[in-house]
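Below you'll find the structure, written out as C-alpha cells, and then a few comments.
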Amino acid sequence: MATLGGISGEYTLDADRSRIGFVARHALISRVRGHFGEFEGSAYLDFDQPGGSSAEVTIQVASIDTGNGPRDDQLRINEFLNATRYPTITFVSSRVEQSSNQRFALTGELTIKGTTREVTLTFDLQSTTPEAGSISFTAATQINRRDWNVEWPPPLETGGVLIGDKVMVEIRVVAARTE
C-alpha cells in the first residue's frame, strides 16, 4: 500500500462541508432521508500506522432535519430520540484498520439515548489537499434503531411497522488539519 503519511495529523471536522445523514423506510413503501445540522468532531489520523488513529463526533439530536417540521418534532420526542433527556449522539473510536490504500474500518462506541453499542464504519478516502490542509472521506453503515431503544412508533395492528427498524447511516466528512 502506498503511504499517505504526509497528511497524517490532527484534524477538526468542517461541519459546513460535512454531512451526517440517514435513510429509513417509512410505511413500507417509501424512504425518508434526513440529516443532523449540528455536530462537531475531531480526529488524529496516522496514515503510517493507521491503528494509532482515532476519532470522536458529537451530534446535537435537536438538529435533526427531514425537511418536514412536524415529523422532525415527532423524532425529537421521548419515545423516539428524546432530545430533552439525551441531547447528543456520540461516537468514539476504539480501533482503526486499513483494508486498502484508501479504505479504513473505523470501529467504536456509538451512544444513542444513553445506550452504547459497538459499530464499524467503512470509510473511503475521497480526496486530500495537503497544501490546503484538508481531507475528505465518505462512509456508510446500517444500524437497527431498536438496538438503541428507539422504539416509537409501536408495530401497527396489522402487523406492519410505520418506520422500519433498519436505518442506513451515510456520512460525508471534510476535515481541516489543525496542527
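Things to note:
- Test: E109 is without any contact (Cβ under 8 Å) to a residue 40 or more places away in the chain and exposed (fewer than 15 other Cβ atoms within 10 Å of the Cβ): yes
- Failed condition for Q98, given (1) at pLDDT below 95; (2) under 18 Å from A55 (Cα atoms); (3) surrounded by fewer than 14 Cβ atoms within 10 Å (Cβ to Cβ): (3)
- Considering R95, R103, R31, the condition of being closer than 18 Å to I143 by Cα and among the charged types (D, E, K, R) is satisfied by R31 alone.
- Members of segment 18-52 that are part of a loop (DSSP other than H, G, I, E, B) and modelled with pLDDT under 95: A27, L28, I29, D46, F47, D48, Q49
- Taking the criterion of being in contact with an Asp or Glu (Cβ under 8 Å, 6 or more places away or on another chain) and at pLDDT 95 or above, the residues of segment 63-95 that qualify are S63, I64, D65, T90, F91, V92, S93, S94.
- Only a single item in (1) at pLDDT below 95; (2) under 16 Å from the mean Cα position of the chain (by Cα); (3) surrounded by 18 or more Cβ atoms within 10 Å (Cβ to Cβ); (4) part of a strand (DSSP E or B) is not met by I59, and it is number (1).
- Every residue from segment 67-92 that is under 16 Å from the mean Cα position of the chain (by Cα) and buried (at least 18 other Cβ atoms within 10 Å of the Cβ): L81, I89, F91
- Odd one out for F104 among (1) of a type outside the set (A, V, I, L, M); (2) surrounded by 15 or more Cβ atoms within 10 Å (Cβ to Cβ); (3) without any contact (Cβ under 8 Å) to a residue 24 or more places away in the chain: (3)
- Scanning segment 107-136 for residues that are in a strand (DSSP E or B) and over 30 Å from N78 (Cα atoms) yields T122, F123, D124, L125, Q126, S127, T128, T129, S134, I135, S136.
The values are calculated or read from the model by the stated rules, or taken from the named source; none is laboratory data. Values in this document were obtained by computation on a predicted structure and should not be read as measured data. Positions of Cβ are generated from backbone atoms using ideal geometry, with glycine treated the same way; all protein chains shown enter the neighbour counts.
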